[in-house]
Amino acid sequence: SIKDELEKKYTWITYEEANDRILNFSRGLNVLNLCPMIDIENDDSFRLLGIYSKNRPEWLLSYFGAVRDSITIVTIYDTLGDIALEYIFNQTKLTTVVIEAKVLEKMFKLAKEGKTGQIKNLIVLDKEENEKFCEELKNLGFNILTWEQVEKEGREKGKDINLNLPGPDSISTINYTSGTTGNPKGAK
């Protein structure tokens, strides 16, 4: 049956489990002060979190964890070139990025060239798949955490944190498009 085939291919979690993980991740971002208020152009201030990963459960859990505390997500795609990435990092003044291990080598290359803006925290998905570049980035001064570490910090130390729930004027996402000419355009 279709249900049996899906059971073989996917790991399922309940809505309650997803909610707990989202809440703990959100609290962990706070406990570790990973998304401080950043002044962007035009006197706008945001708390930002970059996500540099293909679609996967942690992508969605990170997104909802950020939104739960009025943190704006900046989407970063592996199809963006180095010039576009540097532009996005500098324009948003990101300090923290959730990043899959597969693109750590690209991040390391950019970091060695001084093209990662103000990023200092990397929340690595599947860290064990690319320990070499985790160590290389750590040697360049990056704070390397795993998604599970952030979630654990929130679960263990963040129970008393009051989250800043979004309102009607909250911006959930800045999505950079490739555009037709020039630098990518950030749509919010």
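The values are calculated or read from the model by the stated rules, or taken from the named source; none is laboratory data. Bear in mind the structure is a predicted one, so any value in this text is a computation, not a measurement. No Cβ is skipped: glycine too gets one built from the backbone with ideal geometry, and neighbour counts run over all protein chains shown. Ligands, DNA and RNA are excluded from the accessible area calculation, which covers all protein heavy atoms including side chains. Shrake-Rupley method; radii C 1.70, N 1.55, O 1.52, S 1.80 Å.
Taken over the stretch 103-177, the convex hull of the Cα atoms encloses 143 Å³ per residue.
Remark on the stretch 50-188: Rg and Dmax equal 15.1, 47 Å (Cα only).
In sequence order, the stretch 89-106 has phi-based couplings of 4, 6, 5, 7, 6, 3, 10, 9, 9, 7, 9, 7, 4, 5, 10, 5, 5, 5 Hz under the Karplus curve 6.51 cos²θ - 1.76 cosθ + 1.60, θ = phi - 60°, and Gly or Pro positions carry x. Using 0.36 nm per residue and subtracting the Cα-Cα separation, the extra length available between residue 126 and residue 162 on full extension is 10.0 nm. Hey, in the GNM for the chain with a 10 angstrom Cα cutoff, which one of 40, 123, 71 fluctuates hardest? With Cα springs under 10 Å in the chain, the top fluctuation among 40, 123, 71 is at 40. Amide H to amide H, with H built 1.01 Å from N, residue 146 comes under 5 Å of 124, counting only residues 5 or more places away or on other chains.
Estimated from helices alone, the mean residue ellipticity of the chain at 222 nm is -12000 deg cm²/dmol (sum of -39500 (n - 2.57) over DSSP H runs with n ≥ 4, per residue). Given 54/157; 54/127; 102/127; 106/127, which pairs have Cα atoms separated by over 21 Å? Listed pairs above 21 Å: 54/157. Per residue, the chain exposes 57 Å² of accessible surface when a 1.4 Å probe is rolled over the protein heavy atoms with every protein chain present. Projecting the Cα positions of 18, 104, 166 onto the charge dipole of the chain (unit charges on Cβ atoms of Lys, Arg, Asp and Glu, taken about the Cα centre) puts 104 furthest along the positive direction. Comparing 82, 169, 160 in a Gaussian network model of the chain where C-alpha atoms under 10 Å apart are linked, the largest mean-square fluctuation is found at 169. The slack in the chain from residue 10 to residue 33, taken as 0.36 nm per residue of separation less the alpha-carbon distance, amounts to 5.0 nm.
In the elastic network of the chain, a GNM with C-alpha springs shorter than 10 Å, the most mobile of 69, 44, 20 is 44.
Just the protein heavy atoms count here, and of the accessible area of the chain at 1.4 Å, carbon and sulfur take up 48 percent.
Taking amide H as placed 1.01 Å from N in the peptide plane, the amide H of residue 74 sits under 5 Å from that of 49, 50, 51, 174, each at least 5 places away or on another chain.
The residues neighbouring residue 69, those whose beta-carbon lies less than 10 Å from its own, together hold a net charge of +3 under the Lys/Arg +1, Asp/Glu -1 convention.
By DSSP, the beta bridges lying fully in the chain are antiparallel in about 25 percent of cases. All alpha carbon pair distances within the stretch 1-117 were sorted into 5 Å bins beginning at 0; the resulting P(r) in whole percents reads 2, 10, 18, 19, 18, 14, 8, 5, 3, 1, 0, 0. Backbone geometry of the stretch 64-71 corresponds, through the Karplus equation with coefficients 6.51, -1.76 and 1.60 at θ = phi - 60°, to 3J(HN,Hα) couplings of 5, x, 5, 4, 4, 10, 6, 8 Hz, x marking Gly and Pro.
Summarising the strand pairing of the stretch 1-112, around 25 percent of its internal DSSP beta bridges are antiparallel.
Karplus-derived 3J(HN,Hα) values for the stretch 23-30, using 6.51 cos²θ - 1.76 cosθ + 1.60 with θ = phi - 60°, are 4, 5, 5, 4, 5, x, 4, 6 Hz; glycine and proline are entered as x.
What is the magnitude of the charge dipole of the stretch 1-86 about its Cα centre, with +1 placed on the Cβ of each Lys and Arg, -1 on the Cβ of each Asp and Glu, and no other charges, expressed in debye to the nearest 20? The partial results should precede the final answer.
Values: 9 positive and 15 negative charges, 83 e Å.
Here the size comes out at about 400 debye.
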